[in-house]
Amino acid sequence: MTEKPRKPEAAVLEASTQRWMLAGLVLMGLLVLAFPLFRFYEPARRADARLLQEQYQADQGAEVFATNCESCHGVGGSGGLAPALGARDFLETADDAQITALIAHGVPGTEMVAYSLDYGGPLTSTQIRAVTSYLRSLEAEAAANPLWRTPLADSNLSGRDLFNMACSRCHGIDLAGVEDVAPGLGGGSEAAEDSDARLVRQVSEGGDGMPRFGGVLTPEQVEMVVAYLRQVQSGG
């Protein structure tokens, strides 16, 4: 028997099917070859993306910290009236969950109030996590500070250091004052006309809207602050 000739449509369909099968085999081969490359490069890509996200969050946290925390905890967490949160001693002992909890809930019995919106504070949970990321980003280059809990207890602090840590949040780093908060203390100010004894008493005992610093600074430190004020007021 002689084989019947195939219809042109069947030949075309068979040729098309073979082409698709060949294309599928090529594609499968490419996927097989690409999979090891994917396994090699994908973890690195994800790690880079994670680092970029963490850096972005830390940058946002730096802004929140400067606005809400710096006046008490110092620039870069260097310490002031409140603990030095940028010290290696603190960052190595507190994990991220603990730092977040401290910011959100505050510390009962201290001036560290709750900062979470859930507890009447000004910060969202996202902002609090950003501050935590910022503080964690400081750890790699953080300096040790055994006095991180009480940074004002450092005997090596100068009068300028003490003023910047304890007074500048209200009176300004340049002694020019902060509008609607506290007056300037530089040359030409009312403070420049006061006696040393009155300034010492004002710093130690407070009054006229100024808090008492006698429980924070030692008598010697108060005198150092007043001496620094006199130096600046005289143009020194």
Study note, to complete from the structure: For the stretch 212-224, the count of residues that are part of a helix (DSSP H, G or I), within 24 Å of Thr110 (Cα to Cα) and within 32 Å of the chain's Cα centre (by Cα) equals 2
Practice item. Under 6 Å between Cβ atoms, at least 6 apart or on separate chains: pull out the pairs that start in the stretch 186-209 with a residue that is among the charged types (D, E, K, R) and end on any residue that is surrounded by 12 or more Cβ atoms within 10 Å (Cβ to Cβ). Key: Asp196/Val226; Glu205/Arg212
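Please verify whether the stretch 119-129 includes one or more residues that are closer than 18 Å to Leu81 by Cβ and in contact with a helix residue (DSSP H, G or I) (Cβ under 7 Å, 6 or more places away or on another chain).
Checked the stretch 119-129: no residue is closer than 18 Å to Leu81 by Cβ and in contact with a helix residue (DSSP H, G or I) (Cβ under 7 Å, 6 or more places away or on another chain).
Hey, any hits in the stretch 62-75 for a residue that's touching a Ser or Thr at 6+ places or on another chain (Cβ under 6 Å), in a helix (DSSP H, G or I) and either of a type outside the set (Val, Ile, Thr) or surrounded by 13 or more Cβ atoms within 10 Å (Cβ to Cβ) (or both)?
no
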Check your understanding: Taking helices (runs of 4 or more DSSP H) that fall entirely within the stretch 112-195, which contain at least 3 residues that are surrounded by fewer than 16 Cβ atoms within 10 Å (Cβ to Cβ)?
Key -> none
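Looking at the stretch 80-104 only, could you name the residues that are over 13 Å from the mean Cα position of the chain (by Cα) and either farther than 13 Å from Thr132 by Cβ or part of a loop (DSSP other than H, G, I, E, B) (or both)?
Once the filter is applied, which keeps residues that are over 13 Å from the mean Cα position of the chain (by Cα) and either farther than 13 Å from Thr132 by Cβ or part of a loop (DSSP other than H, G, I, E, B) (or both), the stretch 80-104 yields Gly80, Leu81, Ala82, Pro83, Arg88, Asp89, Glu92, Thr93, Ala94, Asp95.
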Exercise for review: Would you mind stating whether Gly109 is over 19 Å from Gly76 (Cβ atoms), in a loop (DSSP other than H, G, I, E, B) and over 21 Å from the mean Cα position of the chain (by Cα)?
Suggested key: yes
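Just so you know, all these numbers are worked out from the coordinates, no wet-lab data involved. Predicted model only: the values in this text are computed from it and were never measured. So basically every Cβ, Gly included, is an ideal-geometry build from the backbone, and we count neighbours across all protein chains shown.
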